[in-house]
Amino acid sequence: MDTLIMVGQLLLGLSILVGLHELGHLLTAKLFGMRVEKFSIGFPPKIAGFQWGETEYSIGAIPLGGFVKISGMVDESMDTDQLSAEPQPWEFRSKPAWQRLIVMLGGIIVNVITGIVIFVFLVYNNGETYFSRDQVVENGIVAYEYGESIGLQTGDKILEVNGEPYESINELSSGSVLLSENGFYTVERNGEQLKVEIPRGFINTFDSEEAFDKFISIRFPFDVLDVAPDGAAKASGIDPGDKILAVNGQEIYFFDELQTALNEVKNQEAELVVSSKGKLDTLAVAVSAEGTIGIAANPLIDPVQRKFGFTQAISKGTERAFGVVIINAKALGKMFTGEVSAKNVSGPIGMAKIYGDSWDWGKFWSITGLISMILAFMNLLPIPALDGGHVVFLLYEMISGRAPSDKFLENAQKVGMVILLALMVFAIGNDILKLITGG
């Protein structure tokens, strides 16, 4: 069932985005009087379809893409028979270069608009929830495996990133920070300020959602939210609302301090000082082999919650949408220098895992908006067979006044298809390797 949910979300997200992308090409083509022969979500063989006017609308069995076939255009169908005849007024090749350019940009523009609209409504509907810089400075951080690997320590108070103040703890592990040149955190530790550098290629560590849980989190004071009915805490008389003040004489204030103290006495009995309804009690509590006593913690700091008006949401949502493009452009550039590993390239399996095995509409639309912006960016790359490749040839024609020959465009299309197939094989290979290795 978990796999079906992941696949279902991926197919729905891709169908929406591919359908809108191809609709952008179709509408702009028809706007300029071009004949659109086919509109397909998914690649052949055809599952279902219908004819409306001059265009056949269909759904293909291979759901990882789609296409629009415009008369008189060298495209991925490689159907060049009609190109031997004289150009007809309704054909792509007979239209001015600027019109053809708009048609090729139509899908990209629609994906950008889609991404912006999704992010705007997410911001407007959900606002923002985060722990602020002030809260981080007041309480400090818990440094986990990946945080400790670069020199961060539990209790550090992160003051700045790259010499600049930040707003949210989420920014500390954002793509823009992890991809920055010579990045560093300014940290206050034991009353002194020091610099903790972000190593080159550190972003490769964050190859899954679970990896972020191994970096840092905010420290928080706590009381007992709940107790397991059959746990050691319940048996010892600990109740919801109680505060644990010490373990074996070691003072406890933050929850991570309790976890550390209990890990030191696994499979032993610990002496806990507990404040319950204004009274102090000393209780003997059995600690499990996992270093737990059967309680759930209630953080005593509240995250910041911000709501945005619609005008503010437009600005914030647009900023987030283009932030995705900027981060991916940086990552692609650093991939060529070797700083970002090509193993981070994911195919459909990786994309399905990002959606996750539970259906959360907020997360679904957030990921779909992100993919829409990435799809727009990737399609703009100057690779033949992608929209960006066609754009390059059209710009050449507009600047030089000479159109590339149909034979050149046909061969370029073939090269582009080989490149795209190679990239798809590589991405799927990465997905399979991660499944095998558990990455």
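What to note about this one:
- Rounded, prolate or oblate (a/c below 1.5 giving rounded, otherwise prolate when a/b exceeds b/c) for the stretch 1-121 by Cα gyration tensor: oblate
- The stretch 158-295: Lys pairs at Cα distance under 26 angstrom, eight or more positions apart or on different chains: 9
- With Cα atoms, 0 to 90° folded angle of helix 2-31 axis to the chain main axis: 40
- Label-point gap, in nm, between Leu280 and Glu164 - each point 7 angstrom along Cα→Cβ: 4.8
- Of all accessible heavy-atom area on the stretch 80-130, the percent that carbon and sulfur account for (1.4 Å): 63
- 1.4 Å probe accessible area per residue over the chain, in Å²: 52
- Backbone N within the stretch 18-52 under 16 Å of label point (7 Å from Phe121 Cα along the Cβ vector): 18-21
- Separation of alpha-carbon centers, the stretch 207-221 and the stretch 335-379, rounded to whole Å: 20
- Shown for the stretch 313-439: lysine pairs separated by 8 or more places, or found on different chains, whose C-alpha atoms are under 15 Å apart, numbering 4.
- Amide hydrogen proximity for Ile216: with H placed 1.01 Å from N in the peptide plane, the residues at 5 or more positions away or on another chain lying under 5 Å are Tyr144.
- FRET efficiency, 1/(1 + (r/R0)^6) with R0 35 Å, evaluated for Glu145 and Lys195 via beta carbons: 0.95
- Candidate cross-link partners of Lys38 among the aspartates and glutamates, defined by an alpha-carbon separation under 14 Å and a same-chain spacing of 8 or more, comprise Glu22, Glu54, Glu56, Asp75, Glu76, Asp79, Glu91.
- Selected from Ser40, Ser315, Ser132 as most flexible by GNM, with the chain as the system and alpha-carbon contacts under 10 Å: Ser315
- Of the solvent-accessible surface of the stretch 181-322, computed with a 1.4 Å probe over protein heavy atoms with every protein chain present, carbon and sulfur atoms account for 47 percent.
- Potential lengthening between Ser176 and Leu27 on full extension [0.36 nm per residue; Cα-Cα distance subtracted]: 50.1 nm
- Principal-axis analysis of the Cα atoms of the chain puts helix 97-126 at an angle of about 20° to the longest axis.
- Accessible carbon and sulfur surface of the stretch 355-439 relative to its total accessible area, %, 1.4 Å: 74
- Using every pair of distinct Cα positions in the chain, the Kirkwood expression returns a hydrodynamic radius of 25.7 angstrom.
- Based on Cα contacts under 8 Å between residues 6+ apart, the chain shows a relative contact order of 18 percent.
The values are calculated or read from the model by the stated rules, or taken from the named source; none is laboratory data. Owing to the predicted nature of the structure, the values given are computational and were not obtained by experimental measurement. Note that we place each Cβ from the backbone using ideal geometry, even for glycine, and neighbour counts take in every protein chain shown. These accessible areas exclude ligands, DNA and RNA; they are computed on the full protein's heavy atoms, side chains included. Shrake-Rupley method; radii C 1.70, N 1.55, O 1.52, S 1.80 Å.
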